[in-house]
């Protein structure tokens with residue numbers, strides 16, 4: 001074995017060198033054995049624990065997003081998100097289905113008219129069929145008479161359509177990914193807040209300085225929580241930007257303006273609310 005041969009060579013060297021390697025033979029053996037064990041452990045650890053700098057697959061690399069501090073817009077830090085959150089491929093068909101679904105869900109469907117059978121009053125014939133020399137008429141509920149019923153008028157109905165929840169969640173992430181790919185998604189590390197005694201001129205100045213005004217297109221500001229002072233101020237600056245609470249945002253709101261200015265907390269809530277297709281577990285087999 002290599003260990004015994006090395007020990008034999010050391011013993012021969014100690015005899016021929018006249019005490020060059022003086023000392024107890026047991027001490028020499030223990031030192032040599034300890035070094036061999038340490039080397040073996042190092043080799044075992046290197047084989048069992050691979051290097052932490054192993055290459056990451058392209059589909060597993062996180063998306064790094066720079067966040068900014070409001071209102072100075074200085075870079076704050078990098079935040080990592082999954083590719084399934086901010087690097088989804090563009091699917092116009094899914095976006096169209098989501099926008100139509102939201103529009104149908106927002107319709108009240110309360111328009112109502114009365115057909116001739118529902119109009120109040122007597123249903124007798126107004127005049128005899130013949131002998132008057134005038135056109136024949138029926139009762140006063142006829143749709144051709146003033147105050148009569150409405151022919152083929154609207155009645156209360158449900159306009160809502162169905163869309164799978166997983167498809168709707170994908171539409172959310174596709175819209176955010178589309179804005180991120182075009183450089184139109186601005187993530188703020190802190191909340192959008194103004195001093196209590198500030199005037200709308202301050203917010204107008206911030207919008208113009210950062211290019212969020214009408215000169216380069218209107219913007220949509222999305223906050224995590226409702227701030228009455230901020231929302232009242234933005235109500236007077238509708239020509240520059242619109243502001244919404246994260247609970248009021250739809251897929252259509254993510255696509256209708258030139259850019260999105262969103263708080264990091266609100267963005268995390270969106271991903272938490274609309275990731276059901278990523279966290280769902282496969283159906284278990286049923287044994288009869």
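Read-outs: derived from the displayed coordinates by stated rules, not from any lab. Since the model is a prediction, treat every value here as computed from it, not as a measurement. Quick reminder, even Gly has a Cβ in these numbers, built from the backbone with ideal geometry, and neighbours come from all protein chains shown.
The modelled label-to-label distance for the pair residue 197/residue 136, using points 7 Å beyond Cα in the direction of Cβ, is 8.4 nm.
With N denoting the number of residues in the stretch 141-259, provide Rg(C-alpha) divided by 2.2 N^0.38 Å, to two decimal places.
Working: Rg = 21.1 Å, N = 119, 2.2 N^0.38 = 13.5 Å.
Dividing the Cα Rg of the stretch 141-259 by 2.2 N^0.38 Å gives 1.56.
By the gyration tensor of its Cα atoms, with a ≥ b ≥ c the square roots of the eigenvalues, what is the shape of the stretch 166-228: rounded for a/c under 1.5, prolate for a/b over b/c, or oblate? Oblate shape, in that a/c is at least 1.5 and b/c is the bigger or equal ratio.
Apply 1/(1 + (r/R0)^6) to the Cβ-Cβ distance of residue 125 and residue 155, taking R0 = 25 Å, and write down the FRET efficiency to the nearest 0.05. Mind dumping the intermediate values first?
On the way: r = 27 Å, r/R0 = 1.09.
Between residue 125 and residue 155 the formula returns 0.35.
Taking the Cβ-Cβ separation of residue 60 and residue 114 as r and a Förster radius of 51 Å, what is the calculated FRET efficiency to the nearest 0.05? Efficiency computed from Cβ-Cβ geometry: 0.20. Projected onto its three principal axes, the C-alpha set of the stretch 115-158 covers 49, 17, 13 Å, listed from the longest axis down. How would you classify the stretch 82-145 from its alpha-carbon gyration tensor, with a ≥ b ≥ c the square roots of the eigenvalues: rounded for a/c under 1.5, else prolate if a/b is greater than b/c, otherwise oblate? Taking the square roots of the gyration eigenvalues as a ≥ b ≥ c, the stretch 82-145 is prolate. Each residue, residue 226 and residue 96, gets one label point 7 Å from its Cα in the Cβ direction; the gap between the two is 3.6 nm. Projected label points at residue 79 and residue 255, each 7 Å from Cα along the beta carbon direction, are separated by 2.4 nanometres.
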